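Asker: Structure in structure tokens, see below.
The values are calculated or read from the model by the stated rules, or taken from the named source; none is laboratory data. Because the structure is predicted, anything quoted here is derived from the model rather than measured. Cβ placement follows ideal geometry from the backbone for every residue including glycine, while neighbour counts extend to all protein chains displayed. All accessible areas refer to the heavy atoms of the entire protein, side chains included, with ligands and DNA or RNA removed. Shrake-Rupley method; radii C 1.70, N 1.55, O 1.52, S 1.80 Å.
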Amino acid sequence: MIEFRQVSKQFPDGTLAVDDFSLVIPSRKTTVFVGSSGCGKTTILRMINRMIDRTSGSIEIDGEDIVGLDKVKLRRRIGYVMQNSGLLPHRKVIDNVATVPLLNGVPKKQAHERALELLDTVGLDRSLANRYPSQLSGGQQQRVGVARGLAADPNILLMDEPFGAVDPLVRAELQQELIRLQRELDKTVVFVTHDIDEAFLLGDQVVILQKGGVIVQKGSPTEILSAPANDFVADFIGATKGKRALHIDRRDGREIVLDSEGRAAGVLVDGPTGGSKDAPA
Amino acid sequence: MNWIIENLPLIGQRTLEHLALSIPPIVLSFVLSVPLGWLANRYRPSRGVLLTVLGLLYAIPSLPLLIVLPIILGTGARDSINVVVALTLYGIALMVRTTSDALGSVSSDISQSATAMGFSPWTRFWKVDLPLAGPVLLAGIRVVAVSTVSLVTVGAVLGIKSLGLLFTDGLQRNIVAEVLAGMVATIALALLIDAVLVLIGRLVMPWTRATRVASTRRARLTAEAAAS
């Protein structure tokens, strides 16, 4: 569990990026911060592994205030995946994946074996192990980035718009892959995005932020969709327009779901067909 | 031509002496430029001062420097240390700016991601920043190498043994072939050292070639896709 208590961050130039932010991020769930650029979501994320130090307030991981921890050691036990993968271009894929174990002094052979397993985990062919990052496609690089984030088997995985720079098809694929991974690995994932669809798809807890890290609404995707806190949220999640503003029309005795433009979005059937996120387990 | 054939052992010996005078300044200016370049790149106020002062070193004429250095260092006038020190100063003058720029050119995305992985600042410098600055550093040290090999000849005026002696001796005795031999051998030596540096670069930075191949292949694919 990660707990923010009245956390503020003021940058040296005077910008108050995050103002009095409090939130509990539950363990083994995916929490997604979503908001427009400049809302402080990346700053909040980076305060967890102390890439950015908070100005006031406290941040605790499992009850331990991170301010007392060694930054470098803290970062090694938290996975981090960023946009554009951030892979080291001068190291082969296998060494990139093994970065953190190697930093921790794990013997090279052992670290490499583990790295190869991780390539399997993220759905990459082992034959890519000896390539350099520049020889991979954008989607493959992102997968390597995820493998690297998982290499030290951290409890917490921070993801800063990890799929922001890949094309929509690959993004959809990576999102499904992350959902599968999360089902297998059960990490505490903190994910930052500006894409509300991505937030609803991946998040158990979605936190909608406004400038200054102000929480406009937080809850499960269903809770937010069913009761947007205000017009800003309703607008942001697109509840008033497009493919989310659905209504039912009755034709030939069947109930058809239409979007706000009147285009058919589907039909109504009995009961849930799949494992909805909010369905009781 | 006869002079050259008759004096091949002499040319060979002068070449070796020249090489022995060239290598230490090249190595020293590379090694010393790393901390200086880091300092210049790390702290904004030091950057301007450091780079300007060190850059001005290159403006000191070489002959007077070679005459003054023995007085400052307390060495003999014909001591090869004078040449090594003088050429190291020139090397640093060229190399510090390059090193500073090279370190500054490392993408902040990669630096940040390395920090996020848990590299300590010290480890990050040696394992991430410095290697990634490598291609620019190599370009810089190649300029230093060629400049050094050419400047070593100046020491000949003071009687310090190098290929430069072939110029002074050839001029005094009016042997054109000797002067030509000195020039050709100097250029050949410069090219040789340059080739060795490129080779070292390929060995220690295998990723630069992989990257180049990958990007040309990508460029070609894009071009083909655009054409079809």
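Asker: Could you tell me which residue out of B:Trp122, B:Leu57, A:Phe163 lies farthest along the dipole of the protein assembly as shown toward its positive end? Charges go on the beta carbon: Lys and Arg +1, Asp and Glu -1, centred on the Cα centre.
Answerer: Looking along the dipole axis, the top candidate is B:Leu57.
Asker: Kindly state, as a whole number, the per residue volume in cubic angstrom of the convex hull around the alpha carbon atoms of the stretch A:128-249.
Answerer: 146 Å³
Asker: Can you give me the pair-distance distribution of chain B, C-alpha pairs, 5 Å bins, whole percents?
Answerer: 1, 6, 12, 14, 14, 13, 11, 9, 7, 5, 4, 2, 1, 0, 0
Asker: Now for a separate question. log₁₀ I(q)/I(0) of the stretch B:1-65 at q = 0.29 Å⁻¹, via Debye over equal Cα point scatterers, no solvent, to two decimals?
Answerer: -1.13
Asker: Could you order A:Arg244, A:Arg143 by accessible surface area, starting with the largest, using a probe radius of 1.4 Å?
Answerer: Details: A:Arg244 65, A:Arg143 30 Å².
In descending accessible area the options line up as A:Arg244, A:Arg143.
Asker: Which one, A:Gly203, B:Ile141, B:Val68, is farthest towards the positive end of the dipole of the protein assembly as shown when Lys and Arg carry +1 and Asp and Glu -1 on their Cβ?
Answerer: After comparing all options, I get B:Val68.
Asker: I'd like the orientation of helix A:108-121 relative to chain A: the angle between its Cα long axis and the longest Cα principal axis, in ° from 0 to 90, rounded to 10.
Answerer: 10 degrees
Asker: Right, something else. Starting from a Cα-only point model with no solvent, please compute log10 I(q)/I(0) by Debye for the stretch A:1-96 at q = 0.15, 0.24 1/Å.
Answerer: -0.67, -1.39
Asker: In deg cm²/dmol and to the nearest 500, what is the mean residue ellipticity at 222 nm of chain B if only DSSP H runs of at least 4 residues count, each as -39500 (n - 2.57), divided by the residue total?
Answerer: Numbers: 11 runs with 187 residues, N = 228.
Roughly -27500 deg cm²/dmol at 222 nm, from the helical runs in chain B.
Asker: With the contact rule set at Cα under 8 Å and sequence spacing of 6 or more, what percent relative contact order holds for the stretch B:1-149?
Answerer: Across the stretch B:1-149, relative contact order equals 32 percent.
Asker: Per-residue Cβ counts within 10 Å, from other chains only, averaged over A:69-76: what number is that?
Answerer: Working: counts 0, 2, 4, 8, 2, 1, 6, 4.
Across A:69-76, the average partner-chain Cβ count within 10 Å equals 3.
Asker: Additional query: Nothing charged except the Cβ atoms of Lys and Arg (+1) and of Asp and Glu (-1): what's the magnitude of the dipole of the stretch B:1-97 about its Cα centre? Round to the nearest 20 debye.
Answerer: Charge dipole of the stretch B:1-97: 540 debye, to the nearest 20.
Asker: What does the accessible area of B:Trp38 come to, in Å² to the nearest 10, when a probe of 1.4 Å is used?
Answerer: 100 Å²
Asker: Which value, in Å³ per residue, describes the convex hull spanned by the Cα atoms of the stretch B:1-119?
Answerer: Spelled out: Cα convex hull of the stretch B:1-119, divided by residues, is 173 Å³.
Asker: Give the Rg (one decimal place) followed by the Dmax (whole number) of chain A, computed from C-alpha coordinates and expressed in Å.
Answerer: Answer for chain A, Rg first and Dmax second: 20.5, 69 Å.
Asker: On C-alpha positions alone, give me the angle between the axis of helix B:8-42 and the longest principal axis of chain B, in degrees, nearest 10.
Answerer: 40 degrees
Asker: Given C-alpha coordinates of the stretch A:143-198, what is the ratio Rg to Rh with the Kirkwood estimate of Rh?
Answerer: Rg/Rh for the stretch A:143-198 comes to 0.93.
Asker: What is the packing order of peptides A:110-123, A:174-187, taking the mean over residues of other C-beta atoms within 10 Å and listing the highest first?
Answerer: On the way: A:110-123: 17.5, A:174-187: 15.4.
Taking the mean over residues of other Cβ atoms within 10 Å, the ranking is A:110-123, A:174-187.
Asker: Turning to a different aspect of this structure: For the stretch A:128-182 and the stretch A:75-125, what is the centre-to-centre distance using only Cα atoms, to the nearest Å?
Answerer: Between the Cα centres of the stretch A:128-182 and the stretch A:75-125 lies a distance of 11 Å.
Asker: Treating the angle as unsigned and between 0 and 90°, give the value, to the nearest 10°, between the Cα long axis of helix A:138-150 and the longest Cα principal axis of chain A.
Answerer: Compared with the principal axis, the helix lies near 70 degrees.
Asker: Sorted by mean Cβ packing within 10 Å, highest first, what order do the peptides A:255-267, A:223-235, A:78-90 take? Before the final figure, lay out each step's value.
Answerer: Numbers: A:255-267: 12.4, A:223-235: 15.1, A:78-90: 24.2.
In descending order of packing, they fall as A:78-90, A:223-235, A:255-267.
Asker: Accessible area per residue of the protein assembly as shown at 1.4 Å probe, in Å²?
Answerer: 50 Å²
Asker: Find the Cα radius of gyration of the stretch B:128-176, compare it with 2.2 N^0.38 Å by division, and give the number to two decimals.
Answerer: So the stretch B:128-176 has a normalised radius of gyration of 1.75.
Asker: Computed FRET efficiency, Cβ-Cβ of A:Asp231 and A:Arg183, R0 35 Å: what is it to the nearest 0.05?
Answerer: 0.50
Asker: While we're looking at this one, here's another question. Within chain A, what whole-number % of the accessible surface is contributed by carbon and sulfur, with the 1.4 Å probe and all protein chains included in the calculation?
Answerer: 48 percent
Asker: Which entries of A:Lys29/A:Lys218; A:Lys71/B:Lys127; A:Lys71/A:Lys109; A:Lys73/A:Lys187; A:Lys9/A:Lys41 show an alpha-carbon separation above 21 angstrom in the structure shown?
Answerer: In this structure, A:Lys71/A:Lys109 lie more than 21 Å apart at Cα.
Asker: How high is the FRET efficiency from B:Arg202 to A:Glu64, r the C-beta distance, R0 45 Å, rounded to 0.05?
Answerer: The value I calculate is 0.40.
Asker: For the interface of chains A and B, what total accessible area is buried with a 1.4 Å probe, rounded to the nearest 100 Å²?
Answerer: 2000 Å²
Asker: Now for a separate question. Mind putting a number on the dipole of the protein assembly as shown about its Cα centre? Charges go on the C-beta only, +1 for Lys and Arg and -1 for Asp and Glu, and I need it in Debye to the nearest 20.
Answerer: 1080 debye
Asker: Please calculate the 1.4 Å probe accessible area of B:Tyr43, with all protein chains present, and give it to the nearest 10 Å².
Answerer: 110 Å²
Asker: Please give the FRET efficiency for B:Tyr43 paired with B:Asp109, using the beta carbon to beta carbon distance and R0 = 25 Å, rounded to the nearest 0.05.
Answerer: 0.65
Asker: Now, a different point. Quick one: divide the alpha-carbon radius of gyration of the protein assembly as shown by 2.2 N^0.38 Å and tell me what you get.
Answerer: It is 1.34.
Asker: While we're here: When averaged across all projection directions, what area in nm² does the alpha-carbon convex hull of the stretch B:51-118 cover?
Answerer: The directionally averaged projection comes out at 6.5 nm².
Asker: Calculate I(q)/I(0) for the stretch A:59-216 by the Debye formula, one identical point scatterer on each C-alpha and no solvent, and give its log10 at q = 0.12 Å⁻¹ to two decimals.
Answerer: -0.53
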